[in-house]
Amino acid sequence: AAARLSHVLLYALMIALPVTGWIVNSASNVPFRIFWLIPLPAIVAPDEPTADLAALVHGGLAALLALALVAHIGAALRHHFVKRNTVLIRMLPGRWRTP
């Protein structure tokens with residue numbers, strides 16, 4: 001259950017962070033481009049309070065993503081070194097796995 005929740009959180013944050021960044025750029029009247037190449041239209045009207053709020057949310061979500069990543073890595077290492085099971089090994093690409 002914890003693994004599923006952490007995966008859902010990671011995926012939700014990977015979607016939410018670009019969207020909030022897009023909102024920050026739109027509200028700040030800064031063009032948004034995917035990988036600096038593909039322009040996207042503004043999704044909100046330019047507005048400083050909206051930009052400030054979106055930037056605050058964006059920063060909070062970024063911090064949450066960092067915490068979730070640390071927890072996720074820690075859990076994988078715990079499975080490998082403390083519980084001594086194969087969870088971490090199963091995540092590795094085929095050539096890195098040991099029989």
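The values are calculated or read from the model by the stated rules, or taken from the named source; none is laboratory data. A quick note: this is a predicted structure, and the numbers were derived from the prediction, not measured. Please note: Cβ atoms are built from the backbone with ideal geometry, for glycine as well, and neighbour counts cover all protein chains shown.
Could you tell me whether Ile34 is more than 22 Å from Arg4 (Cβ to Cβ), surrounded by fewer than 12 Cβ atoms within 10 Å (Cβ to Cβ) and either touching a Leu at 6+ places or on another chain (Cβ under 7 Å) or aromatic (Phe, Trp, Tyr) (or both)? So Ile34 passes the test.
Rundown of residues vs (1) surrounded by 12 or more Cβ atoms within 10 Å (Cβ to Cβ); (2) modelled with pLDDT of 95 or more, yes/no style:
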residue: His7; (1), (2): yes, no
residue: Asn29; (1), (2): yes, yes
residue: Ala45; (1), (2): no, yes
residue: Ala51; (1), (2): yes, yes
residue: Ala63; (1), (2): no, yes
residue: Ala76; (1), (2): yes, no
residue: Pro93; (1), (2): no, no
residue: Pro99; (1), (2): no, no
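A count restricted to region 31-74 and to residues that are out of contact with any Ser or Thr (no Cβ under 7 Å at 6 or more places or on another chain), under 24 Å from Leu9 (Cβ atoms) and part of a helix (DSSP H, G or I) stands at 15. The set of residues in region 65-74 being surrounded by 12 or more Cβ atoms within 10 Å (Cβ to Cβ) and among the small types (Gly, Ala, Ser) consists of Ala68, Ala71.
Scanning for something part of a loop (DSSP other than H, G, I, E, B), of a type in the set (S, T, N, Q) and either closer than 25 Å to Met91 by Cα or more than 16 Å from the chain's Cα centre (by Cα) (or both), does region 18-28 turn up at least one residue? Scanning region 18-28 turns up at least one residue that is part of a loop (DSSP other than H, G, I, E, B), of a type in the set (S, T, N, Q) and either closer than 25 Å to Met91 by Cα or more than 16 Å from the chain's Cα centre (by Cα) (or both). Residue check: Leu13 meets all listed conditions (1) surrounded by 15 or more Cβ atoms within 10 Å (Cβ to Cβ); (2) touching a Ser or Thr at 6+ places or on another chain (Cβ under 9 Å); (3) part of a helix (DSSP H, G or I) but one, namely (2).
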